Amino acid sequence: MGVAAIIPCKDEADRIAATVRAVRGIDGVDLVVVVDDGSTDETAARAHDAGAHVVRHAENSGKAAALDTGVRFARARAAGGVGSAMAWHYLFVDGDLEESASAVGVLVPPVLTGEADMTIATLPPQKVSGGGHGFVVRLARDGIRELTGFEAAQPLSGMRCLSDAAFDAASPLARGWGVEVGLTVDVVRAGLTVLEVPCELHHRVTGSDWRGQLHRAKQYRDALRALRARGLSPRTVGRAARGS
Ligand SMILES: Nc1nc2c(ncn2[C@@H]2O[C@H](COP(=O)(O)OP(=O)(O)O)[C@@H](O)[C@H]2O)c(=O)[nH]1
Ligand SMILES: [Mg+2]
């Protein structure tokens, strides 16, 4: 079993090289794939120079599509030669973690040993506190609980390690920013084991400026779409929207 790290990103030129170097240094990681989702900056070149395989989307297609592209790239390489019988475990890592990305290594052993089919990183309080995306977190947590009984401390965390079987259980992935809640719901529903693991990670905290608000609005839209498609009750939607 190999571990393929997949890093979906857009416009992360300032951070991607440090993230790639950190991920390449993680024990057991055999392949590092950066999926550049239509960046307008130097993300792809910096990722390449830092030693990652780089796949580019000519057009921005969203986080789920980028993860899917990364997994397909890894599978094609496994089939094509280097250890052709090799199946992958996938390590999903955001591009904005820089040096702290090395901490996601702790997500791998529970999946390698079979203790878990998917591990999810929980982050410590961040150095700069964000502009409060509490309502998206609440919707995601309440939705996951209603649909599966699983209690997610950080339901939107994107840093995950999962087996090939767990990836298949969640395919096709919920679109865009709905990918994390979709993964958790689908993997638990498939009877597989999900485990949250504390990780010493630091990322760019989304602020409360218009960009931050727009990011949250899209997260909310996509998470809601993913949860509705999986049978979420209107009552939970209403509760999350009211904040009660
Ligand atoms: N594929 C893809 N990834 C994106 C896009 N926008 C941001 N990302 C990446 O998704 C990850 C999480 O985004 P980020 O802005 O850090 O969101 P946050 O961590 O939820 O505040 C980072 O690696 C970003 O580079 C996008 O449009 N498409
Ligand atoms: Mg981030």
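The values are calculated or read from the model by the stated rules, or taken from the named source; none is laboratory data. Since the model is a prediction, treat every value here as computed from it, not as a measurement. Heads up, the Cβs are rebuilt from the backbone with ideal geometry, glycines too, and the neighbour counts pull from every protein chain shown. Accessible surface is based on the protein model in full, side chains and every heavy atom, while ligands, DNA and RNA are left aside. Shrake-Rupley method; radii C 1.70, N 1.55, O 1.52, S 1.80 Å.
Can you give the % of DSSP beta bridges in the chain that are antiparallel, to the nearest 5? About 25 percent, rounded to the nearest 5. If you take all C-alpha pairs in the stretch 188-244, what percent of them are over 12 Å apart? Value for the stretch 188-244: 78 percent of Cα pairs lie more than 12 Å apart. Surface composition of the stretch 1-123: carbon and sulfur atoms hold 47% of the protein heavy-atom accessible area at a 1.4 Å probe.
Each of the peptides 147-160, 4-17 was scored by the mean count of other Cβ atoms within 10 Å over its residues; in descending order, highest first, they stand as 4-17, 147-160. The gain in end-to-end length when the ARG242 to ARG228 segment is fully stretched comes to 3.3 nm, 0.36 nm per residue minus the alpha carbon separation.
Relative contact order, whole percent, for the stretch 95-176 stands at 35, derived from Cα pairs under 8 Å and 6 or more residues apart.
Residue-wise HN-Hα couplings along the stretch 140-153, as the Karplus relation 6.51 cos²θ - 1.76 cosθ + 1.60 with θ = phi - 60° gives them from phi, are 5, 5, 5, x, 4, 4, 4, 7, 9, x, 7, 9, 9, 5 Hz; Gly and Pro carry x. Ranking VAL197, VAL34 by solvent-accessible area of protein heavy atoms (1.4 Å probe, all protein chains present), from largest to smallest, gives VAL197, VAL34. Helical content of the chain, expressed as a calculated mean residue ellipticity at 222 nm, amounts to -12500 deg cm²/dmol (DSSP H runs of 4 or more residues, -39,500 (n - 2.57) each, divided by residue number, nearest 500).
Computed extension gain for PHE150 through PHE135, at 0.36 nm per residue and net of the alpha carbon distance, reaches 3.6 nm. In a Gaussian network model over the chain where Cα atoms closer than 10 Å are linked, find which of HIS215, HIS53, HIS203 has the largest mean-square fluctuation. Taking springs between Cα atoms under 10 Å, the residue moving most is HIS215. Two decimals is fine: what is log10 I(q)/I(0) at q = 0.10, 0.17, 0.18 Å⁻¹ for the stretch 138-227, from a Debye sum with one equal scatterer on every Cα and no solvent? The computed values of log10 I(q)/I(0) come out as -0.26, -0.74, -0.82.
Between ALA217 and MET1, the FRET efficiency estimated from the beta carbon spacing at R0 = 45 angstrom works out to 0.70.
At a 10 angstrom cut-off on C-beta neighbours, averaged per residue, how do the peptides 94-103, 231-240, 39-48 rank from highest to lowest? Kindly include the intermediate steps, with their values, before the conclusion.
On the way: 94-103: 22.3, 231-240: 14.7, 39-48: 18.8.
Descending packing order for the listed peptides: 94-103, 39-48, 231-240.
Which stretch or stretches of the stretch 10-32 have amide N atoms under 15 Å from the point lying 7 Å from GLU99's Cα along the Cα→Cβ direction? Within reach of a label on GLU99, which here means backbone N under 15 Å from a point 7 Å along Cα→Cβ, the stretch 10-32 contributes 15-23, 25.
Taking every Cα-Cα distance in the stretch 129-183 and sorting them into 10 Å bins starting at zero, the pair-distance distribution P(r) comes out as 22, 53, 22, 3 percent.
Using the Cβ-Cβ distance between ASP41 and ALA87 with R0 set to 35 Å, the FRET efficiency works out to roughly 0.50. Remark: spin-label model distance ALA58-ARG204 equals 2.6 nm, labels positioned 7 Å along the Cα→Cβ axis. Taking all protein chains into account, the per residue accessible area for the chain stands at 45 Å² (1.4 Å probe).
Note on the chain: percent of Cα-Cα distances in each 10 Å bin, starting at 0 and stopping at the bin with the largest distance, equals 8, 33, 39, 17, 3, 0.
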